[in-house]
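A short write-up of the structure that comes next.
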Amino acid sequence: MRWLIGMLGLLAVMMTVVVATSLAHALHPPSNVEVIDPLRLHLEGEFVESNLGAARESDGSVTVRLLAQQYSFVPRCVTVPADTPVKFRLTSADVLHGFLLVDTNVNTMVVPGFVAEVRTRFARSGDHAMPCHEFCGLGHAGMWAQVVVVPKDQFPDSSPTQRLRCAAH
Ligand SMILES: [Cu+2]
């Protein structure tokens, strides 16, 4: 009987640690379910080439659209403003890929046929490496991109060509 109480006590402690740390660090699995036809991404809809990159919304927030494919992200580098709500929307043109921003809690899978969405806000400017973290084939290790966070007032005007480029630094 004593071992049972001990086990239940241990379980309660572990559950408390899991719940408390996830609440404290705002860790939660992204839960967006939106389907998209991976064969028509380049032809129509929000992931056509001219619509990729970081775009300013009318409410002041920024939406970043990225395409993951063997073995790159398009675009390879995006600039986003600090201290601003940023929404990442990604989809895959072929197989399962992973989306992760180093030094942040941004992390999700990019599944073909679905749109992955992650909302965040960067507290300060700086660079974040963006490696693919799901093995996607022979070129997986070279599948990297970058997110450059710049001060709010240096965010470039979001013309379709500018938003595919990174800030010079
Ligand atoms: Cu990969």
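Miscellaneous remarks
- Along the stretch 73-79 the Karplus relation, 6.51 cos²θ - 1.76 cosθ + 1.60 evaluated at θ = phi - 60°, assigns HN-Hα couplings of 9, 10, x, 6, 8, 10, 9 Hz to successive residues, with x for each Gly and Pro.
- Accessible surface of Cys166 - all protein chains present, 1.4 Å probe, nearest 10 Å²: 40
- Difference of contour (0.36 nm per residue) and Cα-Cα distance, Met14 to Asp127: 37.2 nm
- Local electrostatic count at Pro112 - Lys and Arg +1, Asp and Glu -1, tallied over other residues with Cβ under 15 Å: -2
- Angle of helix 2-24 to the longest C-alpha principal axis of the chain, folded into 0 to 90 degrees and rounded to 10: 20°.
- Length added when fully stretched, Ala24-Val102, from 0.36 nm per residue minus Cα-Cα: 26.2 nm
- Taking the charge dipole of the stretch 34-154 about its Cα centre, with +1 at Lys and Arg Cβ atoms and -1 at Asp and Glu Cβ atoms, the residue from Val106, Gly137, Pro38 reaching farthest to the positive side is Val106.
- Working from the Cα coordinates of the stretch 34-154, the gyration tensor eigenvalues give, after taking √(5λ), semi-axes of 23, 17, 11 Å in decreasing order.
- Theoretical ellipticity at 222 nm over the chain - DSSP helices of four or more residues, -39500 (n - 2.57) apiece, nearest 500: -5000 deg cm²/dmol
- Multiplying the residue separation of Glu49 and Trp144 by 0.36 nm and removing their Cα-Cα distance gives an extension gain of 32.3 nm.
- In the context of the full set of protein chains, the chain has a per residue accessible area of 59 Å² (1.4 Å probe).
- Across Glu57, Glu49, Glu134, mean-square fluctuation computed from a Gaussian network of the chain (C-alpha pairs under 10 Å connected) peaks at Glu57.
The values are calculated or read from the model by the stated rules, or taken from the named source; none is laboratory data. The structure presented is a predicted model; accordingly, all values stated were derived computationally and were not measured. Don't worry about glycine lacking a Cβ; one is built from the backbone with ideal geometry, like all the others, and counts go over all protein chains shown. What goes into the accessible areas is simple: the full protein's heavy atoms, side chains included, and nothing from ligands, DNA or RNA. Shrake-Rupley method; radii C 1.70, N 1.55, O 1.52, S 1.80 Å.
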